[in-house]
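The values are calculated or read from the model by the stated rules, or taken from the named source; none is laboratory data. Quick caveat, the model's predicted, so the values are computed rather than measured. In this analysis, Cβ positions are derived from the backbone assuming ideal geometry, glycine residues included, and neighbour counts consider all displayed protein chains. When the accessible area is computed, the model is the full protein with side chains, heavy atoms only, and any ligands, DNA or RNA have been set aside. Shrake-Rupley method; radii C 1.70, N 1.55, O 1.52, S 1.80 Å.
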Amino acid sequence: MNVSFTQPEKQLSPYVAFMWVFESSFGVPLADSRIIVPDGRAKIIVPYRNAVCAAVNTRLLNAKEHQIFLVGIQGNPTTIASTATDTGTIGVELTPNGLYHLFQLSMHEITNRMVSFEEVFGPQGARLQNRIGDAEDPQEKVMLLQTALTHLLQKNEKEYLLLDHTLDLIARTHGLIRVQELEAQTGYTRRYLDMLFKEHVGVSPKSLASILRFQELYQVWAQQKSPTFFRNNLYTYYYDQSHFIKEFKRFTGFTPQKYHEIANEFGRAFYAQQ
């Protein structure tokens, strides 16, 4: 199993956090828990060898080989699976503002689900799938994806100053900013910000802040494999241990102690080089 990372071209860097290529000669490892926890990023997924499926709550999402899928922001843990054969998948990790700068969709409709590019763009999306499917090398596929995303970015001439500013406030504070502070610093009510975020991002400012706050601690564990990762700076991010355990179980499906005991090398691999 190997995960390699690529940084986006300069024009895309405010909207694409990074890209990855996952390759395995035996699919997604069945002995692993295969959990991907919420990270506040929507994704573009391209299974170029072998199909991949994802279980979110009780919903099963199937990503067919050679198709391109836009995956909305996840608010719950996702379990990934595939058949045990040669597997290759490309992922593009979008920043929260990448969604509305690149795609003209009601983002709340794709939260915790995915749609194919053919469904979103019609024949144009089908043609892009064919071009990327015909490319032999994974890096060539990545280049074609970047070209397509750059074109989408250039087509969208709208300005999103309030959304960009509010997302920047949440990101710079690592999710620690309160909704009341967002209201004070933007001059808009919680109700209006909720409506704006659900339409263009897919989740409310409070929900996104909760995910980013959890990620601050989770990435320490993923990169260091420390059994005590959840104790480090715990009270910087949560009121008390009970509050943290509740949020941890919400985003992973397990208590911290239980989660440490299960194998999740697949999920950890996506944080190893960030």
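Can Glu65 be described as among the acidic types (Asp, Glu) and either surrounded by 17 or more Cβ atoms within 10 Å (Cβ to Cβ) or within 18 Å of Ser204 (Cβ to Cβ) (or both)? The answer is no for Glu65. Across region 91-109, the qualifying residues are those that are among the aliphatic types (A, V, I, L, M) and surrounded by 20 or more Cβ atoms within 10 Å (Cβ to Cβ), and the one among them that is farthest from Asn2 (Cα to Cα) is Met107.
Take Phe22 and decide whether it is among the aromatic types (Phe, Trp, Tyr), open to solvent by 10 Å² or more (accessible area, probe 1.4 Å) and not in a loop (DSSP other than H, G, I, E, B).
On the way: among the aromatic types (Phe, Trp, Tyr): yes; open to solvent by 10 Å² or more (accessible area, probe 1.4 Å): no; not in a loop (DSSP other than H, G, I, E, B): yes.
The answer is no for Phe22.
Scanning region 46-74 for residues that are in a loop (DSSP other than H, G, I, E, B) and under 15 Å from Ile35 (Cβ atoms) gives Asn57, Gln74. Just one of (1) in a loop (DSSP other than H, G, I, E, B); (2) surrounded by fewer than 20 Cβ atoms within 10 Å (Cβ to Cβ) fails for Val28. It is (2). Counting only helices (runs of 4 or more DSSP H) that fall entirely inside region 211-274 and contain at least 1 residues that are crowded, with 16+ Cβ neighbours inside 10 Å and either at pLDDT 80 or above or over 23 Å from the mean Cα position of the chain (by Cα) (or both), the qualifying elements are 234-237, 241-252, 256-261. Yes or no: region 122-134 includes at least one residue that is under 21 Å from the mean Cα position of the chain (by Cα), open to solvent by 50 Å² or more (accessible area, probe 1.4 Å) and either within 19 Å of Val92 (Cα to Cα) or in contact (Cβ under 8 Å) with a residue 40 or more places away in the chain (or both). No: region 122-134 contains no residue that is under 21 Å from the mean Cα position of the chain (by Cα), open to solvent by 50 Å² or more (accessible area, probe 1.4 Å) and either within 19 Å of Val92 (Cα to Cα) or in contact (Cβ under 8 Å) with a residue 40 or more places away in the chain (or both). Cβ-Cβ distances below 6 Å connect the following pairs, each with a first residue in region 167-184 that is under 17 Å from Arg41 (Cα atoms), a second residue that is of a type in the set (Asp, Glu) and open to solvent by 20 Å² or more (accessible area, probe 1.4 Å), and a separation of six or more residues or different chains: His174/Glu216.
Condition first: assigned to a helix (DSSP H, G or I), of a type in the set (A, V, I, L, M, F, W, C) and farther than 26 Å from Leu193 by Cα. Now tell me which residues in region 75-119 satisfy that. Give the steps one after another, and end with the answer.
Taking region 75-119 and keeping what is assigned to a helix (DSSP H, G or I), we get 96-102, 107-110, 117-119.
Next cut, of a type in the set (A, V, I, L, M, F, W, C) only: 99, 102, 107, 110, 117.
Once the filter is applied, which keeps residues that are assigned to a helix (DSSP H, G or I), of a type in the set (A, V, I, L, M, F, W, C) and farther than 26 Å from Leu193 by Cα, region 75-119 yields only Phe117.
In region 165-201, what residues are part of a helix (DSSP H, G or I), of a type in the set (D, E, K, R) and loosely packed, with under 15 Cβ neighbours inside 10 Å?
Asp168, Arg172, Glu181, Arg190, Arg191, listed by residue number.
Within region 79-90, the set of residues being surrounded by fewer than 20 Cβ atoms within 10 Å (Cβ to Cβ) and touching a helix residue (DSSP H, G or I) at 6+ places or on another chain (Cβ under 9 Å) comprises Gly88 only.
Has region 115-134 got any residue that is under 22 Å from Asn76 (Cβ atoms) and not polar (S, T, N, Q)? Taking every residue of region 115-134 in turn, at least one turns out to be under 22 Å from Asn76 (Cβ atoms) and not polar (S, T, N, Q). In region 41-65, the residues that are over 15 Å from Ser24 (Cβ atoms) reach residues that are among the basic types (Lys, Arg) and surrounded by 20 or more Cβ atoms within 10 Å (Cβ to Cβ) with C-beta atoms within less than 9 angstrom, at least six apart or across chains, in these pairs: Val46/Lys141. Checking each residue in region 235-253 for being more than 13 Å from Tyr218 (Cα to Cα) and aromatic (Phe, Trp, Tyr) picks out Tyr235, Tyr238, Tyr239.
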